[in-house]
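A.B. asks: Before we start, here is the structure in question, set down as structure tokens.
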Amino acid sequence: MSDHQWHPETLSVRAGSEHTPYGENSEAIFLTSSFVFSNAAQAAARFGGQEPGNIYSRFTNPTVTMFQNKLAALEGAESCVATSSGMSAILACVMGVCSAGDHVVASRSIFGTSVQLFSNILKRWGLETTFVSLTDPDEWRAASKANTKLFFVETPSNPLTEICDIALLADIAHEAGALLAVDNCFCSPALQKPLDLGADIVVHSATKYIDGQGRCLGGAVLGRKDVLEPVYGFLRTAGPTMSAFNAWVFLKGLETLHVRMDAHARNALELATWLEQQPGVSRVYYPGLASHPQHALAKKQQKSGGAIVSFEVKGGQEAAWRLIDATKMISITANLGDAKSTITHPATTTHSRVSPEARAAAGIGDGLVRIAVGLEHIDDIKADLALLSKSL
């Protein structure tokens, strides 16, 4: 592509593409484990890093490279490392940045499996993590230590859509000598670009909106090349690798990212507004609503409120389950980012392995329901939640 400053919508369709001599218009899938060299000297040069090129699909594959380059262009990143899942992306990020004896400060409002990774698995290998409020900058300052290497956040958070001031948190992290990593899977680069706001690393579950149709697992870590070098080194050795087929699916998903995210957000805002008016609902969590505590901040650093709407139903878990079981069209699944609307009960699914005390501290009550608003007609989504217009 030329030096013209292409718009993000154009980058979603065109960036990163490399074509073979066959002149294909859609990117090719390179389903091969290894690559052949012209001679022994070329093999040595490739392995030694003196010559660029593909070696082995655990860490070099043309289709994966095209996906990495396209996503990097959208996030405004120098480098991207694609991984086998969103959780492996978080693991690769931490393993690349941190060592035993280091300290991480993380929001307590993160995905339940991420909590388990930091508080159980990584703890066993000598990494200490302090969990703090996503929205209170003073807690981040107070938690920082001389050995703090990483701040880790989701914004908006899962499932309450809390939002932190990325620029402010980046300043606090840098004052502490740490890097700031932002999980951007709720927004995608179509709605939010953390690197432009001062973050050092962006993490994605490509499984979500990057794919957009619930087909494949994948993840990505993005940032400056020097920051990503040890992350790539971990992937090359440990092998949490994205498959070429999945990379091709994600390339196709990215082509429609901006169109999809705008449609998701329109539906979500209308649904959230409707939910606030329903007698069976006590509270709605959606950044696009004026009632959201960080509504002004969301308008400042996000293009829209996104597609995730969470709400408290009156009557606790029993009422929440009754609502979920009454749906006929919305998919009962904990995944999100699909064209299909999905519904789940976080306390017993995505955050079920988090202790009741930690769930309470994160504000995840027994009556909380999360909907990832899909691309169906909004009137049909409302109709499927008709039970909310009555007493649960």
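The values are calculated or read from the model by the stated rules, or taken from the named source; none is laboratory data. This is a predicted model, so every value here is computed, not measured. Every residue, glycine as well, gets a Cβ built from its backbone with ideal geometry; the counts of neighbours run over all protein chains shown.
A.B. asks: Determine which member of the set Ala296, Ala347, Ala372 is farther than 25 Å from Leu257 by Cα and hydrophobic (A, V, I, L, M, F, W, C).
C.D. replies: Ala347
A.B. asks: Continuing with this model, one more query. Count, please, the residues in the range 9-26 that happen to be in a loop (DSSP other than H, G, I, E, B) and surrounded by fewer than 14 Cβ atoms within 10 Å (Cβ to Cβ).
C.D. replies: Qualifying residue count, the range 9-26: 9.
A.B. asks: Might you let me know whether the range 227-250 holds any residue that is closer than 17 Å to Ile381 by Cα and surrounded by 22 or more Cβ atoms within 10 Å (Cβ to Cβ)?
C.D. replies: no
A.B. asks: Write out, first by first residue and then by second, each pair whose Cβ atoms fall under 6 Å of each other, whose residues are 6+ apart or on separate chains, and whose first residue, in the range 97-108, is small (Gly, Ala, Ser) while the second is crowded, with 23+ Cβ neighbours inside 10 Å and modelled with pLDDT of 95 or more.
C.D. replies: As it stands, the answer is Ala106/Phe152; Ser107/Leu134; Ser107/Val153, since those pairs meet every condition given.
A.B. asks: Which number in (1) within 23 Å of the chain's Cα centre (by Cα); (2) free of Cβ contacts under 8 Å to residues at least 40 places away in the same chain marks the one condition that Val36 misses?
C.D. replies: (1)
Residue by residue, here is whether (1) over 16 Å from Leu387 (Cα atoms); (2) touching a Lys or Arg at 6+ places or on another chain (Cβ under 7 Å); (3) outside the structural domain of Ala268 (by TED's automatic domain parsing); (4) touching a residue at least 12 places away in the same chain (Cβ under 8 Å) holds:
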| residue | (1), (2), (3), (4) |
| --- | --- |
| Asp325 | no, no, no, no |
| Lys340 | yes, no, no, yes |
| Pro346 | yes, yes, no, yes |
| His351 | yes, yes, no, yes |
| Ser355 | yes, no, no, no |
| Ala361 | yes, yes, no, yes |
| Gly365 | yes, no, no, yes |
| Leu368 | no, no, no, yes |
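A.B. asks: Which residues, taken from the range 267-282, are part of a helix (DSSP H, G or I) and either out of contact with any helix residue (DSSP H, G or I) (no Cβ under 8 Å at 6 or more places or on another chain) or not assigned by TED's automatic domain parsing to the domain that holds Ala307 (or both)?
C.D. replies: Ala268, Leu269, Ala272, Thr273 - these are the residues of the range 267-282 that are part of a helix (DSSP H, G or I) and either out of contact with any helix residue (DSSP H, G or I) (no Cβ under 8 Å at 6 or more places or on another chain) or not assigned by TED's automatic domain parsing to the domain that holds Ala307 (or both).
A.B. asks: Can I ask one more? If I ask for residues that are in a helix (DSSP H, G or I) and over 14 Å from Ala220 (Cβ atoms), which ones from the range 69-103 would you list?
C.D. replies: Within the range 69-103, Val94, Met95, Val97 meet the criteria.
A.B. asks: What's the number of the condition Asn61 fails, among (1) touching a residue at least 40 places away in the same chain (Cβ under 8 Å); (2) out of contact with any helix residue (DSSP H, G or I) (no Cβ under 9 Å at 6 or more places or on another chain); (3) within 20 Å of Ala238 (Cα to Cα)?
C.D. replies: Going through the list (1) touching a residue at least 40 places away in the same chain (Cβ under 8 Å); (2) out of contact with any helix residue (DSSP H, G or I) (no Cβ under 9 Å at 6 or more places or on another chain); (3) within 20 Å of Ala238 (Cα to Cα), Asn61 breaks only (2).
A.B. asks: Moving to a separate point now. Look at the range 39-57 and say how many of its residues are within 32 Å of the chain's Cα centre (by Cα) and assigned to a loop (DSSP other than H, G, I, E, B).
C.D. replies: So the answer is 6.
A.B. asks: Conditions: (1) more than 23 Å from Arg215 (Cα to Cα); (2) assigned by TED's automatic domain parsing to the domain that holds Gln116. Ala45 meets all but one. Number of the miss?
C.D. replies: If we test Ala45 against (1) more than 23 Å from Arg215 (Cα to Cα); (2) assigned by TED's automatic domain parsing to the domain that holds Gln116, just (2) comes out false.
Rundown of residues vs (1) in contact with a Pro (Cβ under 9 Å, 6 or more places away or on another chain); (2) polar (S, T, N, Q); (3) surrounded by fewer than 15 Cβ atoms within 10 Å (Cβ to Cβ), yes/no style:
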residue: Cys93; (1), (2), (3): no, no, no
residue: Ala106; (1), (2), (3): no, no, no
residue: Ser114; (1), (2), (3): no, yes, no
residue: Ile121; (1), (2), (3): no, no, yes
residue: Leu127; (1), (2), (3): no, no, no
residue: Asp138; (1), (2), (3): no, no, yes
residue: Thr148; (1), (2), (3): no, yes, no
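A.B. asks: For the condition aromatic (Phe, Trp, Tyr) and in a helix (DSSP H, G or I), what is the one hit in Phe250, Phe311?
C.D. replies: Within the list Phe250, Phe311, the selection yields Phe250.
A.B. asks: Could you say whether any residue in the range 338-352 is in a loop (DSSP other than H, G, I, E, B), at pLDDT 95 or above and touching an Asp or Glu at 6+ places or on another chain (Cβ under 8 Å)?
C.D. replies: Among the residues of the range 338-352, at least one is in a loop (DSSP other than H, G, I, E, B), at pLDDT 95 or above and touching an Asp or Glu at 6+ places or on another chain (Cβ under 8 Å), which makes the answer yes.
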